[in-house]
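The structure appears below as structure tokens.
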Amino acid sequence: MVLAHEDLFHVGVVVEDLSEGMAEFGESLGLTWRRPFFPVADVKTPQGRQTMQVGAVYTEHGPVYYELLQRYDSGLWQTCGLHHLGYWSDDVAGDTERLVKRGYVLEGMMMRDDAVTGAYLLLNGSSRVELIPRSSSQRLLGK
């Protein structure tokens, strides 16, 4: 087993407009939100390293948290709707390698300098997981 159910910490959904998505999901599902963040991500893809804009926000309460992602015309967040299941990982590079051996396709590894800070992997062309270092929990969720 590579991924453990208890390590599932969020469901990522891409929306056309982050503010409108927060209002809609908040009103319809009774969700409250943390502060949105808009980093520029350095992403290592099969086509080479790319810089991608990110817009994201997590719910206040969880687990399982909701993560809304701003849709962009290029990069990993182009299509609105359910995007991924996010898992904590104690070894993103190692877990990525193990999932690739099981048939997952690596879409991109988020990098900071030369350190891996996350990865997106796709199975069967439609089921995507995101691996995030467990050490990021304080930065992302204040925990």
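The values are calculated or read from the model by the stated rules, or taken from the named source; none is laboratory data. All values reported here derive from a predicted model rather than from experimental measurement. Cβ coordinates were reconstructed from backbone atoms using ideal geometry, including for glycine residues, and neighbour counts include every protein chain displayed. The protein model used for the area step is the full one, side chains on, heavy atoms only, and it has no ligands, DNA or RNA in it. Shrake-Rupley method; radii C 1.70, N 1.55, O 1.52, S 1.80 Å.
Quick notes
- Any hit, the range 90-106, residues being within 21 Å of Pro63 (Cα to Cα) and among the acidic types (Asp, Glu): yes
- Flag if Val11 is touching a residue at least 40 places away in the same chain (Cβ under 8 Å), assigned to a strand (DSSP E or B), open to solvent by 20 Å² or more (accessible area, probe 1.4 Å) and of a type in the set (A, V, I, L, M): yes
- The range 115-138, subset polar (S, T, N, Q) and over 17 Å from Val14 (Cα atoms), residue least open to solvent (accessible area, probe 1.4 Å): Ser136
- Residue satisfying condition, being more than 15 Å from the chain's Cα centre (by Cα) and either of a type in the set (Ser, Thr, Tyr) or closer than 21 Å to Arg35 by Cα (or both), within set Gly103, Gly62, Gly86: Gly62
- Number of the exception - Ala41 against (1) open to solvent by 20 Å² or more (accessible area, probe 1.4 Å); (2) within 19 Å of Leu141 (Cβ to Cβ); (3) in contact with a strand residue (DSSP E or B) (Cβ under 8 Å, 6 or more places away or on another chain); (4) modelled with pLDDT under 95: (1)
- Only listed residue being of a type outside the set (Asp, Glu) and at pLDDT 95 or above, chosen from Gly142, Gly81: Gly81
- Once the range 14-52 is narrowed to residues that are in a loop (DSSP other than H, G, I, E, B) and touching a helix residue (DSSP H, G or I) at 6+ places or on another chain (Cβ under 7 Å), the residue that is nearest to Leu106 (Cα to Cα) is Pro36.
- Of all the numbered requirements in (1) closer than 15 Å to Glu130 by Cβ; (2) surrounded by fewer than 13 Cβ atoms within 10 Å (Cβ to Cβ), Gln47 misses one, and that requirement is (1).
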